[in-house]
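What follows draws every value from the coordinates through simple rules; no lab data is involved. None of these values were measured; they are calculated from a predicted model. Cβ atoms come from the backbone with ideal geometry, glycine included; neighbour counts cover every protein chain shown.
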């Protein structure tokens, strides 16, 4: 992630850097994460994650890899 500043406002470029190939297996992704610091610092955005009616409870696992959500769709 690249951070720049303009007029005392931080701008985060979330699409900066190389993308991880979609064809990698989950084992290959884990190995790449262990070896590459840039991949380890990567932020992944969740798209279309919505609960339009009610979200009663939402929490993130301690390792930050999972989101748990209860509610009505």
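What ranking do 33, 5 get, fewest neighbouring Cβ atoms within 10 angstrom at the top?
Starting with the residue having the fewest Cβ neighbours, the order is 5, 33.
Multiply the residue gap between residue 9 and residue 57 by 0.36 nm, knock off their C-alpha separation, and tell me the result in nm, one decimal place. Intermediate values should be presented prior to the final figure.
On the way: separation 48, 0.36 × 48 = 17.28 nm, distance 3.24 nm.
Computed gain between residue 9 and residue 57 is 14.0 nm.
Matching the structure-derived volume of the Cα convex hull per residue in Å³ against the labelled list (1) 79; (2) 90; (3) 163 gives the label (3). Distance between the pseudo-spin-label points of residue 18 and residue 48 (7 Å out from Cα toward the beta carbon): 2.9 nm.
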